Amino acid sequence: MISSQPAFSNDAKKLLVCTGNTVSIFSTSTGLQIAELEGHRGLVTSVVVVPSTTPAGKLLCYCWTSSEDGTIKYWDFSVPELMRSI
């Protein structure tokens, strides 16, 4: 079940889709799932990709997610790794 509008990575190579308690990450070139963001205990209600680059111009892969469990989480979805939980 998709619970929110999907979001594209800054380079449009990945699509982030809220699916239940997780965010599934798909490759836009192959259509295959390549990773999942797991950590919420309730339905994920939104995902927002953070538009940012390094001073050298490299695109970063960070996003915020919110959930019915009352938390907001900050992720590096290139790894994927939870960076912060509020």
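Taking first residues from the range 1-17 that are free of Cβ contacts under 8 Å to residues at least 40 places away in the same chain and partners that are of a type in the set (S, T, N, Q) and open to solvent by 30 Å² or more (accessible area, probe 1.4 Å), the Cβ contacts under 6 Å between residues at least 6 apart in sequence or on separate chains come to K13/T28; L15/T28. Restricted to the range 1-16, and to residues there that are within 14 Å of W75 (Cβ to Cβ) and of a type in the set (A, V, I, L, M, F, W, C), the residue that is surrounded by the most Cβ atoms within 10 Å (Cβ to Cβ) is L16.
Of all residues in the range 9-67, those being acidic (D, E) and closer than 17 Å to M83 by Cα number 2. If you go through the range 51-74 and keep only what is at pLDDT below 95 and either within 16 Å of the chain's Cα centre (by Cα) or within 17 Å of T19 (Cα to Cα) (or both), you end up with P51, S52, L59, L60, C61.
The values are calculated or read from the model by the stated rules, or taken from the named source; none is laboratory data. Owing to the predicted nature of the structure, the values given are computational and were not obtained by experimental measurement. Note that each Cβ is placed from the backbone with ideal geometry, even for glycine, and that neighbours are counted across all protein chains shown. These area figures cover heavy atoms from the full protein model, side chains too; ligands, DNA and RNA do not enter into them. Shrake-Rupley method; radii C 1.70, N 1.55, O 1.52, S 1.80 Å.
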